[in-house]
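Heads up: the structure comes next, in structure tokens.
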Amino acid sequence: MPSVYEYTRDELDELLVGEPRYRVEQVWHGLWSEGQVINEITTIPKALRSRLYEEFPTSIEVADDVQSDRGSTRKWVFRLHDGATVETVLMSYDDRVTVCVSSQAGCAMGCTFCATGQAGFTRNLSAGEVLEQVMFAARAAAPRRLSNVVFMGMGEPLANYKATVSAVRRLHEYKGLSARHLTVSTVGVAPAIERLAREGLPLTLAVSLHAANNDARNELVPLNRRYPLERLYEACVYWVATTSRRLSFEWALIDGVNDTDEAIDELARYAGPLRAHVNLIPLNPTPGFLVLGSSSRRVHEFRDGLEAHGINVTVRNTRGRSIDAACGQLANVTNAKRRSIPVRSA
Ligand code: SAH
Ligand code: SF4
């Protein structure tokens, strides 16, 4: 069953053929500006509402809803029409409200340190299922306005290329979000990065690098064997040249693995010529990867080391760890199944 958010404005016009024009306006406004589900759009007559709702019931259903950080981080587990489940995280900050959406149920990329990768792949989401996550979060965020959408939940967005591009396009055209507010994170599917560059979409691309030498990256990110750092670099150069936008590199700091002085030099050599921004995230604990995240002292030394090389760098604070809602922790793990992993905090 398609989600109503799959529809373009023209397609919705066709669907409502015979209705006065202002009705189409009302439905569109309700869906995209108010983020209402169809049976809540009370500006349209009940009969039409029921007909549309029967045709387009909400395609995501809340299976779990948990909060942390005194309510400013919220995670939902959504059950989709076929029983597949995905997770969505809403994070409220002083200056912005960000939703982190899933693009796939599970992920086939198998990054060793990532809970989603450890759980394996179920299926691609449709653009509508991605957009329903955004709109659900937008409703929950009210009265604050949802300002940012990041494709950093479960799944590899560029392995679900068409749905990702379609969702991004609609978020831009219908929700008014632009490059600084739309981020797609990829593990480094080089040809898809180049294809995405040619779409001309206003978005920020984040590449999950984690290691800047092939031996180390092969271990952490198996896709590196297919698209090694040299090939990924070409795609990054192409991205910057084609879109005139800076890209960012994500780097989850793992104790003794990719937080060494040598790693600083390698990353600086890789990111420097691209003028890429580096985002450091202390590794979050996951059940299948029993190596610790770097200590906060080392995280800051690593940042300082990169800055000394002239690299633009930020340390991302970790939200939602206690509810398994932080980067890389999404895997539909229930409270009962959650295992406790040591977290170094010194
Ligand atoms: N598949 C995409 C987007 C989803 S993962 C990608 O890999 O980029 C979102 C981010 O979380 C990525 O940067 C990923 O490398 C990071 N991540 C995965 N596991 C993590 C962990 N255990 N701790 C910190 N970050 C992690
Ligand atoms: Fe997939 Fe991204 Fe996790 Fe790798 S880090 S397994 S690409 S979700």
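The values are calculated or read from the model by the stated rules, or taken from the named source; none is laboratory data. Every value quoted in this text rests on a predicted model; they were computed, and no experiment measured them. Methodologically, a virtual Cβ is constructed for each residue, glycine included, from the backbone with ideal geometry; neighbour enumeration extends over all protein chains shown.
A few points about this structure:
- Within region 97-144, the set of residues being under 17 Å from Ser185 (Cβ atoms) and either in a loop (DSSP other than H, G, I, E, B) or outside the structural domain of Asn218 (by TED's automatic domain parsing) (or both) comprises Val101, Ser102, Ser103, Cys107, Ala108, Met109, Gly110, Cys111, Phe113, Cys114, Leu125.
- Screening Asp261, Asp265 for residues that are of a type outside the set (Val, Ile, Thr), farther than 26 Å from Val240 by Cβ and surrounded by fewer than 21 Cβ atoms within 10 Å (Cβ to Cβ) leaves exactly one candidate, Asp261.
- Filter result (touching an Asp or Glu at 6+ places or on another chain (Cβ under 7 Å) and crowded, with 23+ Cβ neighbours inside 10 Å) within region 129-181: Gly153, Met154
- Residues of region 1-35 that turn out to be over 32 Å from the mean Cα position of the chain (by Cα) and surrounded by 14 or more Cβ atoms within 10 Å (Cβ to Cβ), as a count: 3
- A single member of Arg79, Arg23, Arg49 is part of a strand (DSSP E or B) and either of a type in the set (A, V, I, L, M, F, W, C) or more than 23 Å from Ser208 (Cβ to Cβ) (or both), and it is Arg79.
- Region 313-330, subset assigned to a loop (DSSP other than H, G, I, E, B) and of a type in the set (A, V, I, L, M, F, W, C), residue nearest to the chain's Cα centre (by Cα): Cys327
- Scanning region 20-44 for residues that are out of contact with any Lys or Arg (no Cβ under 9 Å at 6 or more places or on another chain) and farther than 18 Å from Arg139 by Cα yields a total of 5.
- When Val315, Val257 are checked against the criterion of being within 17 Å of Ala216 (Cα to Cα), free of Cβ contacts under 8 Å to residues at least 60 places away in the same chain and within 14 Å of ligand 1 (Cβ to nearest atom), Val257 stands alone in meeting it.
- Residue among Tyr233, Tyr227 that alone is among the hydroxyl-bearing types (Ser, Thr, Tyr), part of a loop (DSSP other than H, G, I, E, B) and assigned by TED's automatic domain parsing to the domain that holds Val101: Tyr227
- So Val89, is it of a type outside the set (D, E, K, R), more than 16 Å from ligand 1 (Cβ to nearest atom), at pLDDT 95 or above and closer than 19 Å to Gly153 by Cα: no
- Complete set of residues in region 185-209 that are free of Cβ contacts under 8 Å to residues at least 60 places away in the same chain, buried (at least 22 other Cβ atoms within 10 Å of the Cβ) and assigned to a loop (DSSP other than H, G, I, E, B): Gly188, Val189, Leu203
- Single unsatisfied condition, Glu219 versus (1) in a helix (DSSP H, G or I); (2) crowded, with 19+ Cβ neighbours inside 10 Å; (3) within 15 Å of ligand 1 (Cβ to nearest atom): (2)
- Taking the criterion of being within 16 Å of ligand 2 (Cβ to nearest atom) and either among the hydrophobic types (A, V, I, L, M, F, W, C) or at negative phi (or both), the residues of region 143-159 that qualify are Val150, Phe151, Met152, Gly153, Met154, Glu156, Pro157, Leu158, Ala159.
- Pick from region 277-312, criterion part of a helix (DSSP H, G or I) and free of Cβ contacts under 8 Å to residues at least 40 places away in the same chain, ranking: nearest to ligand 2 (Cβ to nearest atom): Arg303
- Filter pass, Ile38 being touching a Phe, Trp or Tyr at 6+ places or on another chain (Cβ under 7 Å) and surrounded by 15 or more Cβ atoms within 10 Å (Cβ to Cβ): yes
- Of the residues examined, Leu177 is one that is away from ligand 1 (no atom under 13 Å from the Cβ) and in contact with a helix residue (DSSP H, G or I) (Cβ under 9 Å, 6 or more places away or on another chain).
- Answer residue from region 230-254, given it is of a type in the set (S, T, N, Q) and more than 16 Å from ligand 1 (Cβ to nearest atom) and is surrounded by the fewest Cβ atoms within 10 Å (Cβ to Cβ) among those: Ser244
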